[in-house]
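Taking it in order: structure first as structure tokens, then the write-up.
The values are calculated or read from the model by the stated rules, or taken from the named source; none is laboratory data. Model, not experiment: these values are computed from the prediction. Cβ: placed from backbone, ideal geometry, glycine included. Neighbour counts: every protein chain shown. For accessibility, only protein heavy atoms count, side chains too; no ligands or nucleic acids. Shrake-Rupley method; radii C 1.70, N 1.55, O 1.52, S 1.80 Å.
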Amino acid sequence: MYKCTGYVFPESMEEAYKLNQKKSNKIIAGGGWLKLGSRQYATLIDLSRLGLDEIYEDEECFKIGAMVSLRQLETHEGLNLYTQGAIKESLKHIVGVQFRNSATIGGSIYGRFGFSDVLTMLMALDGFAGLYKGGSVPLEDFAKMKYDRDILSAVTIRKQKNIKTVYSSFRNQSTDFPVLACAMSLSEGKIRTALGARPARAEVITAELPTDIDRFANETANSFAYGGNMRASAEYRRHIAYVLIKRNAEILAGGKAYGD
Amino acid sequence: MEIKLWLNGKAVRDDVSPDMPLLEFLRKQGMYSVKRGCETSGCGLCSVLVEGKPVLSCTYPLMRADGTHITTLEGLEKEAEEFGAFLADEGADQCGFCNPGFIINVIAMTRELENPDEEDIKEYLAGNLCRCTGFMGQLRAVKKYIEHKRSEGRGE
């Protein structure tokens with residue numbers, strides 16, 4: 001459990017940003033990750049009173065506030081319609097409903113955790129991290145950035161016409177971290193494959209819609225790097241990647257797209 | 001730091017350390033139904049309702065709960081007793097340590113989901129661990145309880 005001596009609810013992003021420049025202070029999102037550590041902080045900065053807990057949808061995009069809970073995202077009708085339920089599939093295996101009611105999108109994305117289902121999913125959807133000072137950064141670039149003192153205020157997903165999306169993960173046990181996470185989307189003949197929990201941070205690869213799915217799955221799986229940890233070896237993960245990519249690509253090759 | 005919230009309908013005011021987990025605060029207030037079963041936000045035993053939503057009180061920041069309405073099992077006596085009878089009838093519980101968190105989440109589920117099927121039930125309750133049993137008795141109890149609530153709703 002973390003320790004802290006102060007706790008503030010900033011009234012503006014500028015106030016939050018200023019507080020966050022002090023190295024001994026820390027932004028608290030859902031608290032799930034901080035809780036697992038035992039760091040001592042001066043002041044925790046709570047963003048929950050800045051109106052960042054809503055999902056806006058219009059013709060062009062979805063804008064997901066950083067303090068939106070995983071459960072809000074999971075049960076959002078518009079996003080599930082847009083992704084053919086892939087959003088729900090990417091979230092429903094994370095711990096339990098109680099955890100997902102307080103864990104946030106901001107915490108998951110800012111953390112850029114290797115095990116993150118959320119980062120993998122939103123990367124395949126071509127999401128953008130909205131940074132208070134740094135502006136809009138594609139998630140695939142954001143995932144490679146070092147931790148800094150900027151604040152993630154939202155994640156934006158620009159709507160693509162006739163997009164199809166699919167998500168699957170492999171877990172040794174229900175509610176555990178994934179051994180591998182695979183999110184894919186198909187739009188205008190291009191497939192985006194995001195692989196997470198390799199166990200490194202998610203990365204994404206874009207390719208033309210293949211004719212030979214088995215070959216595509218093999219080649220795509222081979223173009224990512226894998227590592228071993230207590231959950232699985234690198235070789236095992238590579239094989240699971242091939243299986244999940246193949247299954248997902250088969251689903252993308254058939255079925256209905258958003259807007260059909 | 002000062003905190004003021006509504007605990008099972010009663011206004012509570014206290015001076016707390018800002019890093020105190022909500023779980024510890026609730027136990028300090030005498031809510032001993034709230035248990036700590038793990039150190040990793042993974043067991044569901046400490047579940048409580050914040051503004052009607054089930055959360056893990058070991059993880060939810062206490063200061064964020066300032067001004068909110070919190071419900072523990074102590075505040076849901078009637079529903080807990082009603083569902084508890086179904087659990088007992090199915091011989092579902094053994095040591096009973098996980099019961100309060102489980103019952104809280106079952107109540108939250110019946111309030112949130114309309115007519116959940118077996119898959120919905122398993123998905124909603126997956127974050128509540130029981131280390132004595134294999135969950136089958138609990139599942140039977142939940143199904144019978146839901147059926148009972150439905151027939152009550154139909155006025156039977």
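Which value, in Å², gives the accessible area per residue of the stretch B:34-90 when a 1.4 Å probe is used on the protein heavy atoms? Before the final figure, lay out the partial values.
On the way: 2130 Å² over 57 residues.
Dividing the accessible area of the stretch B:34-90 by its residue count gives 37 Å².
Using only C-alpha positions, report the orientation-averaged shadow area of the convex hull of the stretch B:2-73, nm², one decimal. Spell out each step's value before the answer.
Values: hull surface 16.8 nm².
The orientation-averaged projected area of the Cα hull of the stretch B:2-73 comes to 4.2 nm².
When A and B come together, around 2300 square angstrom of accessible surface is lost from both chains combined, probe 1.4 Å. The listed residues A:Cys4, B:Cys132, once ranked by accessible area (1.4 Å probe) with the largest placed first, stand as B:Cys132, A:Cys4. Sorting A:Tyr56, A:Tyr41 by solvent-accessible area of protein heavy atoms yields A:Tyr56, A:Tyr41, largest first, with a 1.4 Å probe.
Calculate for chain B the 222 nm mean residue ellipticity that helices alone would give, adding -39,500 (n - 2.57) per DSSP H run of length 4 or more and normalising by residue count, nearest 500 deg cm²/dmol.
Details: 5 runs with 60 residues, N = 156.
Rounded to the nearest 500, it is -12000 deg cm²/dmol.
Give me the inter-chain shielding for B:52-58: mean count of other chain Cβ atoms within 10 Å, whole number please. Mind dumping the intermediate values first?
Working: counts 0, 6, 8, 10, 12, 2, 5.
Mean partner-chain Cβ count within 10 Å for B:52-58: 6.
For chain A, the share of accessible area belonging to carbon and sulfur comes to 50 percent (1.4 Å probe, ligands and nucleic acids excluded). Across peptide B:41-50, the average count of Cβ atoms from other chains found within 10 Å of a residue's Cβ is 4.
In a DSSP loop and with at most 16 other Cβ atoms within 10 Å, the trypsin sites (Lys or Arg not before Pro) in the stretch B:1-102 are B:Arg36. Relative protection proxy for A:135-144, A:86-95, from highest mean packing down: A:86-95, A:135-144 (other beta-carbon atoms within 10 angstrom). Hey, what angle do you get for helix A:213-222 against the long axis of chain A, alpha-carbon based, 0 to 90 degrees rounded to 10? That helix lies at roughly 40 degrees to the long axis. Treating the stretch B:75-151 as a set of equal point scatterers at the Cα positions, no solvent, please give the Debye-formula log₁₀ I(q)/I(0) at q = 0.15, 0.20 Å⁻¹. The computed values of log10 I(q)/I(0) come out as -0.44, -0.82. Of the residues A:Ile205, B:Ile146, ranked by 1.4 Å probe accessible area with the largest first, the sequence reads A:Ile205, B:Ile146.
What GluC sites (Glu not before Pro) does the stretch A:1-37 have in DSSP loop regions with at most 11 other beta carbons within 10 Å? In loop regions of the stretch A:1-37 (DSSP not H, G, I, E or B), the sparsely surrounded GluC sites (Glu not before Pro) are A:Glu11. In terms of overall dimensions, the C-alpha atoms belonging to chain B reach 49, 35, 24 Å along their principal axes, ordered largest to smallest. Cross-link pairs exceeding 24 Å in C-alpha to C-alpha distance, out of A:Lys246/B:Lys122; A:Lys92/A:Lys161; A:Lys63/A:Lys88; A:Lys159/A:Lys256; A:Lys35/A:Lys92, comprise A:Lys246/B:Lys122; A:Lys92/A:Lys161. Inter-chain neighbour count for A:22-35: the average number of beta-carbon atoms from partner chains within 10 Å of each residue's beta-carbon is 3. Rg then Dmax, both in Å and based on the Cα atoms of the protein assembly as shown: 22.1, 66. Estimated from helices alone, the mean residue ellipticity of chain A at 222 nm is -8500 deg cm²/dmol (sum of -39500 (n - 2.57) over DSSP H runs with n ≥ 4, per residue). The convex hull drawn around the Cα atoms of the stretch A:48-172, when projected onto a plane and averaged over every direction, covers 7.7 nm². Out of the chymotrypsin sites (Phe, Trp or Tyr not before Pro) in the stretch A:147-217, which ones are loop residues according to DSSP with at most 15 other C-beta atoms within 10 Å? Answer by residue number: A:Tyr147.
Distance between the modelled labels on A:Ser38 and B:Glu77, one decimal in nanometres: 4.0 nm (7 Å Cα→Cβ projection).
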